[in-house]
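Here is the structure we will look at.
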Amino acid sequence: MAHSINRKDLKQPDEFVSFWTHLGQKLSTHRRGVIAAGAAVVLGTGGGWGYLAWQESRAADETESFALIEKNALAPVAPDKADDAKTGKPAKSDDILHFKSDEERLQATIKEAEAFVASHGTSGLGRRAAMIKANALLGLGKFADAATAYQQLLDGETDKSMRLIERDGLALSQEGQGQIDKAIETYGSMAEEGRQAGNFYVDRALYGKARLLQKQGKGKDAEKILRDILDKTPKTSLRREIDDRLATLADQ
């Protein structure tokens, strides 16, 4: 899951949307197991088969609805394609959905995510929908709304790995609002939680903290953290970014 992301520019939604979408697949892997467990209980009753069929139908509908979110989130941007003159909807070509801009795509993604949560609730795939919505808000530059969305996810999150990913989004949202100290604190908490989760994402948390310290003009503190990452995680996927940043610090 440790997909390399360059977050130097908060205005790059493509990588960020794709990242959250792929990571979100983790949350759906247990869906069939849940359905099977429910089936074991109801098969002993007279209406067991009917209930099981209803559960499967509901799961299929939920999956189909969620697919609409991903379809919008991953749709290509084609600025040269005009809207349909009759419907006003984004133009389609060969059954492939296109949007004229990243902003239009992200707005459509948020709309579908909100519709999904309204229909299916906030558990299971609903959490993935909420995650994608938070990411889309971040991509749109709606940092305050994104921060609220990520905090709501964190408040109900029990999975240690997903908490780290949500903290990462929260820190980026705080940074976008100019709340650098808060973002640094969030990255610090993220690193501590990462150490308790097998050091997952610790290098990213520390890199984010170092990047912001450099932004504040605290180059020596930033350099110390970056070298610490390389010492403790020599195979980090952020090696190139760290080397580039260390080179920049050396020139200052």
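Per-structure values
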| read-out | value |
| --- | --- |
| Residues of region 193-210 satisfying the condition of being in a helix (DSSP H, G or I) and surrounded by 21 or more Cβ atoms within 10 Å (Cβ to Cβ) | Gly194, Val202, Asp203, Arg204, Ala205, Leu206, Tyr207, Gly208, Lys209, Ala210 |
| Options Glu175, Glu157; residue that is in a helix (DSSP H, G or I) and acidic (Asp, Glu) | Glu175 |
| Flag if Thr148 is modelled with pLDDT of 95 or more, out of contact with any helix residue (DSSP H, G or I) (no Cβ under 8 Å at 6 or more places or on another chain) and surrounded by fewer than 21 Cβ atoms within 10 Å (Cβ to Cβ) | yes |
| Residue count, region 152-179 (criterion: surrounded by fewer than 16 Cβ atoms within 10 Å (Cβ to Cβ) and more than 18 Å from Gly194 (Cβ to Cβ)) | 5 |
| Test: residue in region 233-243 that is in a helix (DSSP H, G or I), among the β-branched types (Val, Ile, Thr) and under 19 Å from the mean Cα position of the chain (by Cα) | no |
| Residue that is nearest to the chain's Cα centre (by Cα), among those in region 167-218 that are of a type in the set (Phe, Trp, Tyr) and at pLDDT below 95 | Tyr201 |
| Checking Ile165 against (1) farther than 23 Å from Ala146 by Cβ; (2) of a type in the set (Val, Ile, Thr); (3) in contact (Cβ under 8 Å) with a residue 40 or more places away in the chain, the condition it does not meet | (1) |
| Hits in region 84-123 (condition: modelled with pLDDT under 60 and surrounded by 14 or more Cβ atoms within 10 Å (Cβ to Cβ)) | Pro90, Ala91 |
| Which listed residue is touching a Lys or Arg at 6+ places or on another chain (Cβ under 7 Å) and not assigned by TED's automatic domain parsing to the domain that holds Leu74, from Glu114, Glu157 | Glu157 |
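The values are calculated or read from the model by the stated rules, or taken from the named source; none is laboratory data. Only a predicted model underlies this, so the values are computations on that prediction, with no experimental measurement involved. Note that each Cβ is placed from the backbone with ideal geometry, even for glycine, and that neighbours are counted across all protein chains shown.
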